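Just below is one structure, and these are the notes that go with it.
All of the numbers you see were taken from the coordinates with simple rules; none came from a lab. Predicted model, so just to flag it, every value in this text is computed and none were measured. Here the Cβ positions follow ideal geometry from the backbone for every residue, glycine too, while neighbour counts run over all protein chains shown.
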Amino acid sequence: MEKAVIALDLGTTGNRAIAFDKNGGIIHSSYREFPQIHPKPAWVEQNPYDILNTAVKVLNETIERCGSYEIVSLGITNQRETSVVWDKNNGKPVYNAIVWQCRRTAGTCEDLSEYRKLIKEKTGLFLDPYFSATKIKWVLDNVGGAKNLAEKRELVFGTVDTWVLWNLTGGSVHATDASNASRTLLYNINTLKYDEELLKIFGVEESMLPLVCDSNYNFGSTEKKITGKSIPVVGILGDQQSSLFAHSGFEKDVIKNTYGTGLFAMVETGNRICASDKLVATVAWKLDGEAHYALEGSIFTGGEIIRFIKDNLGIISSAAASSDAAKSVISSEGVYFVPALSGLGAPYWDPDARGLIIGLTGAANKNHIIRAALESLAYQTKDVVIEFENTLKSGFDLSKYKLRVDGKASENDFLLQFQSDILNMTVEKAGFTEMTAFGIAGLSAVSTGFWTDEMFRRFKKTEKIYNPQIGDNAGNASYAKWREAVLKSLKWA
């Protein structure tokens with residue numbers, strides 16, 4: 001009987017399941033979007049049942065299309081930091097999922113500002129609304145009866161992987177992996193355990209939190225009544241760590257950047273935690289008891305800005321049209337677009353920053369604005385790459401590195417060429433856009449022996465390579481103006 005492995009990719013705007021065969025080929029892929037909820041400006045929520053139901057649908061559609069294939073394992077990768085709190089007795093959420101983009105807890109972060117240094121040292125993260133702990137605290141403080149249920153040990157929390165795993169296993173498994181736990185502000189990446197002092201700061205009961213396992217752990221099996229077959233869930237990774245695993249595994253001299261809703265640039269640092277006051281230090285993955293770490297620049301608005309100029313400004317008819325529009329002008333005509341729609345993440349970490357378009361003159365038209373919006377993705381990536389260089393110093397020779405990219409916006413030819421130019425480095429576009437799914441499929445398949453390490457690396461393809469076409473001076477001048485524009489957006493709110 002032929003065999004397959006399935007990746008379940010739980011994304012920010014939709015869920016996808018992809019089945020891979022023994023030769024790395026795709027048997028079937030299924031995708032469904034779900035709604036985003038914006039109850040107030042800068043608040044972002046999702047209905048946990050929308051997340052779950054679309055996940056089950058794409059999974060079952062893919063299982064059905066696999067027909068007689070034996071499904072060796074299911075790997076799960078997920079939007080990180082998004083927080084769900086539910087009653088463990090009846091499985092019902094007490095509130096909507098609070099999404100990683102949501103900024104409602106900015107005030108809470110200010111109230112807890114005396115703990116910023118301690119939190120950074122223990123978690124590698126910033127005290128920022130982005131991460132999970134302040135979202136849990138908000139639910140406990142604002143949802144009627146929630147705190148009382150938590151004190152009775154009847155409430156549980158999970159990021160999206162945990163919520164879906166709980167339901168796929170019929171409520172029998174409440175667990176996550178170290179990469180996701182490291183995004184909660186409650187997990188000490190030095191000790192690889194939940195931290196009592198952090199739990200106290202945020203007022204979270206440890207009984208609420210999922211068991212933290214290795215990333216290649218066998219988390220149990222799906223219930224047959226839910227998925228039609230009982231399938232072992234082997235492997236869980238946060239989406240950006242999964243993408244990093246797909247691009248580099250354990251290769252050196254690789255930076256990966258995912259051009260999704262946000263931008264997420266990462267570089268693996270082995271067993272070394274690298275402290276940075278502008279970047280996140282995080283668990284990349286934990287395999288067979290050994291933790292590997294990464295430096296990450298989390299940028300809140302990436303490909304989302306393309307949707308914004310299409311839907312909110314109406315100046316392009318489709319995302320695909322943005323590349324041609326940008327190429328139709330020879331420059332942005334001095335226009336800069338700072339896409340701080342949800343504040344600014346790395347390396348600025350300012351929840352009060354707001355978006356701006358600056359440099360407009362009578363000579364500017366919509367194509368200059370479109371070009372400036374795309375250029376902003378490349379500038380933000382350069383912001384982070386500079387911090388990689390500053391943090392890793394002697395261990396980081398940028399001239400030896402390549403940038404490997406994926407995500408929907410990586411299909412934009414203008415963007416990737418401009419990215420190569422502004423960084424003055426090689427950019428490699430993955431031959432498979434859904435590298436997040438490929439990463440968790442690889443981890444799951446290698447962990448079960450379905451694929452070997454060598455097979456996994458061989459299946460990875462590069463579609464196109466971009467090399468710099470402008471000199472350093474031109475790139476440095478336009479980047480300097482970008483930094484000036486960013487300064488004007490800070491602390492606006």
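Numbers below:
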| quantity | calculated |
| --- | --- |
| In Å, descending, principal axis extents of the Cα set of the stretch 3-239 | 57, 37, 31 |
| Ordering of 72-81, 375-384 by burial proxy (mean other Cβ atoms within 10 Å per residue, highest first) | 72-81, 375-384 |
| W492, W163, W349, W451 arranged by Cβ crowding within 10 Å, fewest neighbours leading | W492, W349, W451, W163 |
| DSSP beta bridge pairing in the chain, given as percent antiparallel to the nearest 5 | 70 percent |
| Kirkwood hydrodynamic radius over Cα pairs of the stretch 316-474, then Stokes diffusion coefficient at 10 °C and 1.306 mPa s, in µm²/s | 89 µm²/s |
| Euclidean distance of C-alpha centroids, the stretch 115-173 and the stretch 203-282, integer Å | 17 Å |
| As computed over the chain, the Cα convex hull volume per residue (Å³) | 133 Å³ |
| Environment charge at V58 (Cβ cut-off 14 Å; Lys +1, Arg +1, Asp -1, Glu -1) | -2 |
| For D352, net neighbour charge (Lys/Arg +1, Asp/Glu -1) across residues whose Cβ lies under 14 Å away | +2 |
| Proximal lysines relative to K88, as straight alpha-carbon distance under 19 Å, when same-chain residues fewer than 8 apart are discounted | K135, K137, K147, K152 |
| Environment charge at R16 (Cβ cut-off 12 Å; Lys +1, Arg +1, Asp -1, Glu -1) | -2 |
| Sparse-neighbourhood loop sites, trypsin sites (Lys or Arg not before Pro) in the stretch 421-474 - DSSP loop, at most 12 other Cβ within 10 angstrom | K461 |
| Mean ellipticity per residue at 222 nm, deg cm²/dmol - from DSSP H runs of n ≥ 4 across the chain, formula -39500 (n - 2.57) | -10500 deg cm²/dmol |
| Cα-only Debye scattering, the stretch 121-180: base-10 log of I(q)/I(0) at q = 0.13, 0.16, 0.26, 0.27 Å⁻¹ | -0.44, -0.66, -1.14, -1.14 |
| Counting DSSP beta bridges with both ends in the stretch 3-239, the antiparallel % (nearest 5) | 65 percent |
| Nearby aspartates and glutamates by direct alpha-carbon distance to K57 (threshold 14 angstrom, same-chain neighbours under 8 apart not counted) | D9, E33 |
| Sorted by Cβ neighbour density within 10 Å, fewest at the top, the residues H292, H368, H174 | H174, H292, H368 |
| Geometric extent, Cα atoms of the stretch 392-466 - Rg, Dmax (angstrom) | 14.7, 42 |
